[in-house]
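The values are calculated or read from the model by the stated rules, or taken from the named source; none is laboratory data. Because the structure is predicted, anything quoted here is derived from the model rather than measured. Cβ: placed from backbone, ideal geometry, glycine included. Neighbour counts: every protein chain shown. Surface accessibility is based on the protein's heavy atoms, side chains included, excluding ligands, DNA and RNA. Shrake-Rupley method; radii C 1.70, N 1.55, O 1.52, S 1.80 Å.
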2 protein chains.
Amino acid sequence: MKFKLILSLLLLSSYFVALSQEKQPEKSSKHNITATEKGLIKISILYPYAEGKNFNMEYYAAKHMPMVAGFLGSNLVKYTIEKGLSSGIPDQPLPFMAIGSFYVKSLSEYQAAIAPNRDAIRADFTNYTNVTPVIFVSEVVQ
Amino acid sequence: MKFKLILSLLLLSSYFVALSQEKQPEKSSKHNITATEKGLIKISILYPYAEGKNFNMEYYAAKHMPMVAGFLGSNLVKYTIEKGLSSGIPDQPLPFMAIGSFYVKSLSEYQAAIAPNRDAIRADFTNYTNVTPVIFVSEVVQ
């Protein structure tokens, strides 16, 4: 009787081991992306490059983006920061110095969260750039 | 003796169950992003909006992007497609109709893979758009 019980528990444990292992994401590379942003709304803030324009990436990453992210609450899934390197077309100028992007579940919730804080966000611009950003709203379709 | 062996196996199984469960990513939301693109190179192809310009998203997603992705091999970590919805600034025109992005590990490997296929890629443009894209190379810093 005791033997049968232990055997049953053992089989049950093995089953859960198999189940757990199946759920684990594949780890084929350091940068393996296991989740998808598909269906999310993305708000990108693009800072065009031009002669005489500047952008302080340190301040942007340490202060500005966390401040705005803080206004968005649980609607925010993640945010990313890109540093402009070059144009992909030889002899063309760098299109953007930087791009910051917020991935959110709802655009209307994003707008409602930003509206009362717009002045604070704009006032902070001068702390890291002298360029007027382009703002682009998109849907991640793939 | 047999009993001790089974007990040992049972304990071992339980240990692996615990271990496996620990490795599982948290699933707090449908869109939970468990991995990071930090450190990757991103090549974005931006299709500016303008009067009289068009963009066939269906062809782009089903044919063009998979073709280019196929040239990139294991250097490609993932690619994304965004559909332009609006400007984030009221009364401003839509900045882009669409953006396609390739996340790669190495820019030089990307360039070496694209160079011999550039003509095929450009020839395919006319199948889905009549606008000249902006190409932007960036580093994902966060």
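In table form, for the structure just shown:
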quantity	calculated
Index of the failed condition, A:E58 passing every other in (1) modelled with pLDDT of 95 or more; (2) surrounded by 14 or more Cβ atoms within 10 Å (Cβ to Cβ)	(2)
Restricting segment A:70-82 to residues that are surrounded by 18 or more Cβ atoms within 10 Å (Cβ to Cβ) and either outside any helix (DSSP H, G or I) or out of contact with any helix residue (DSSP H, G or I) (no Cβ under 8 Å at 6 or more places or on another chain) (or both), the residue that is farthest from the other protein chains (Cβ to nearest Cβ)	A:L76
Residue within segment B:105-114 that is hydrophobic (A, V, I, L, M, F, W, C) and over 23 Å from A:I89 (Cα atoms) present	no
Residue match in segment B:86-108 (condition: over 30 Å from A:Y110 (Cα atoms), more than 19 Å from the chain's Cα centre (by Cα) and assigned to a helix (DSSP H, G or I))	no
Test for B:Q142: is it over 17 Å from the mean Cα position of the chain (by Cα) and within 13 Å of chain A (Cβ to nearest Cβ)	no
Qualifying residue in segment B:112-135 (condition: touching a residue at least 60 places away in the same chain (Cβ under 8 Å), more than 10 Å from chain A (Cβ to nearest Cβ), touching a Pro at 6+ places or on another chain (Cβ under 7 Å) and assigned to a loop (DSSP other than H, G, I, E, B))	yes
Cβ pairs under 7 Å, 6+ apart, first in segment B:90-105 and at pLDDT 95 or above, second open to solvent by less than 10 Å² (accessible area, probe 1.4 Å) and part of a loop (DSSP other than H, G, I, E, B)	B:Y103/B:E37; B:Y103/B:L40; B:V104/B:L40; B:K105/B:L40
Filtered residue count, segment A:35-55, keeping only those that are over 18 Å from B:L94 (Cβ atoms), surrounded by 17 or more Cβ atoms within 10 Å (Cβ to Cβ) and facing chain B (nearest Cβ under 8 Å)	3
